[in-house]
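Presented below is the structure to which this report refers.
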Amino acid sequence: MKSSAVETLVGAIIIALALGFFTYAYKTAGLGGTTSAGYHVSAEFDNASGVAIGSDVRIAGIKIGTVTGQGLNPKSFQARVEMVISPNISLADDTSAKIASEGLLGANFVSLEPGGADERLKEGSVISYTQGAVDIWSLISQAMFSKTSKPTSTDGTPPAAPDAPKQ
């Protein structure tokens, strides 16, 4: 009987720890927080690959917001990314946005670089200065498979063959 009570107590502690872990994971993933708290801004990028709804918006590596929507602008064919920024962060109107990566295989996020203008971004503002994602795999394949050019002389003719060694 005493063994059964101890086993029940240990089981209850394990279940409580598992629930606490899942609650923590749910909130830190941005799913349990209030993503609508703050002001909404948007930006258009040439390439927004790797950024999804729920991706971080960061300044200096610190999360200050979340990506809340994506779409294609049918007129400019650019990716429109909608974000919500924390209400206690007041960004200048000339803030720039770029798609950055956490590493070679890391997730992409929107990185903001604050500007110095007196005007501030407000609800519905559009960030004008943007830089899209860099396609790292195309850069790697370009470096690996590009043909090396043969050396040429200054007039464009191939250099003369070196003299054969004398014996």
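In table form, for the structure just shown:
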quantity	calculated
For region 36-133, share of DSSP beta bridges that run antiparallel, in % to the nearest 5	75
Sequence-distant residues sharing a close amide H with residue 131 (under 5 Å, placed H)	97, 98, 99
Ordering of 3-15, 62-74 by burial proxy (mean other Cβ atoms within 10 Å per residue, highest first)	62-74, 3-15
Integer Hz, Karplus 6.51/-1.76/1.60 couplings in order for region 20-27, x for Gly and Pro	x, 5, 5, 5, 4, 5, 5, 6
Distance between modelled label sites at residue 13 and residue 101, nm, 7 Å Cα→Cβ extension	4.5
Where N is the number of residues in region 91-150, Cα Rg divided by 2.2 N^0.38 Å	1.63
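Every number here is computed from the coordinates shown, using simple stated rules; none is lab data. Computed from a predicted structure; not experimentally measured. All Cβ positions, even for glycine, are placed from backbone atoms using ideal geometry, and neighbour counts span all protein chains on display.
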